[in-house]
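Engineer: Here it is, the structure, as structure tokens.
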Amino acid sequence: MEQTRRRWAEEEARREQERVEREARLAREQTEREERERQDLETARAWWGRLSPQQQTELFAAVAEYAWRTSNLRVEIPEKPMMWPQYAHGVPVHVTDKRRTLYGIVRPCPDLAATCSKLAEELVLARSAQEARELADILPQSRIVHLDLLEHEQLTMY
């Protein structure tokens, strides 16, 4: 009887140790995930921060013009563009229909694109040929369109 109680106690202690280790591992993974998300958001903000508000307005106007010219579609241009992690912190643009069909992703961050499997399936709209090349290095099978807008560096020369 004593031997059985000892085995139960040992088994209970082993289960408790496994539970503590599992909770510690989950907490560590959660912390790592949150840190990765914070760093990704910082990277995306820096990427978008390279454009002035005027350049962002110009970019979204070019997206709307491109959609109309090539597909005869009107797209919703967000008043305040929101970066989405599931699209490598690019901004999704939708067709103005009742189903809110996704038209494409505007300016995903090349540094984050490799980790975004959804991006390869979507139309990707880049501001310039340089941005398109950066994305094509990472997403070779994607449909990447560059809108032929001036590079950021060129704008600062004027």
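The values are calculated or read from the model by the stated rules, or taken from the named source; none is laboratory data. Nothing here was measured: the structure is a model prediction, and the numbers come from that model. Ideal geometry is used to build each Cβ from the backbone, glycine not excepted, and the neighbour counts take in all protein chains shown. Protein only, heavy atoms only, side chains kept; ligands, DNA and RNA dropped before computing areas. Shrake-Rupley method; radii C 1.70, N 1.55, O 1.52, S 1.80 Å.
Engineer: Taking the chain as a Gaussian network, Cα atoms linked when under 10 Å apart, which of LEU139, LEU147, LEU26 shows the biggest mean-square fluctuation?
Structural biologist: LEU26
Engineer: How tilted is helix 2-49 with respect to the longest principal axis of the chain? Cα atoms for both, answer in degrees (0 to 90, nearest 10).
Structural biologist: Computed tilt is about 10 degrees.
Engineer: Over the chain, give the accessible area per residue in Å² for a 1.4 Å probe, as an integer.
Structural biologist: 68 Å²
Engineer: Would you pull out the residues with amide H under 5 Å of GLY104's amide H, same chain only if 5 or more places away, H placed 1.01 Å from N?
Structural biologist: Answer set, sorted by chain and number: VAL93.
Engineer: Okay, next question. Using the alpha-carbon atoms, what tilt in degrees (0 to 90, nearest 10) does helix 129-138 show relative to the longest principal axis of the chain?
Structural biologist: So the inclination is approximately 30 degrees.
Engineer: Let me ask something else about it. Using the beta-carbon distance between SER117 and GLU34 and R0 = 25 Å, what value does 1/(1 + (r/R0)^6) give for FRET efficiency, to the nearest 0.05?
Structural biologist: Plugging the Cβ-Cβ distance into 1/(1 + (r/R0)^6) gives 0.75.
Engineer: Among ALA62, VAL124, VAL95, whose Cα lies farthest out toward the positive end of the dipole of the chain, if unit charges sit on the beta carbon of Lys, Arg (+1) and Asp, Glu (-1)?
Structural biologist: VAL95
Engineer: Could you tell me what percent of the DSSP beta bridges with both partners in region 74-150 are antiparallel, to the nearest 5?
Structural biologist: Counting DSSP beta bridges with both partners in region 74-150, the antiparallel share is about 55 percent.
Engineer: A further question follows. Quick one: net charge around GLN56, please, counting Lys, Arg +1 and Asp, Glu -1 for every other residue with C-beta under 11 Å from its C-beta. Let's see the in-between values first.
Structural biologist: Numbers: positive: ARG50, LYS80, ARG107, ARG127; negative: GLU58.
So the surrounding residues net to +3.
Engineer: Can you tell me the dipole magnitude for the chain around its Cα centre, using point charges on the Cβ only (Lys, Arg +1; Asp, Glu -1), in Debye to the nearest 20?
Structural biologist: Computed about the Cα centre, the dipole is about 480 debye.
Engineer: Same structure, new question: Give me the percent of the accessible area of region 17-158 that comes from carbon and sulfur atoms, probe 1.4 Å, all protein chains in place.
Structural biologist: On region 17-158, the fraction of accessible area on carbon and sulfur atoms equals 50 percent.
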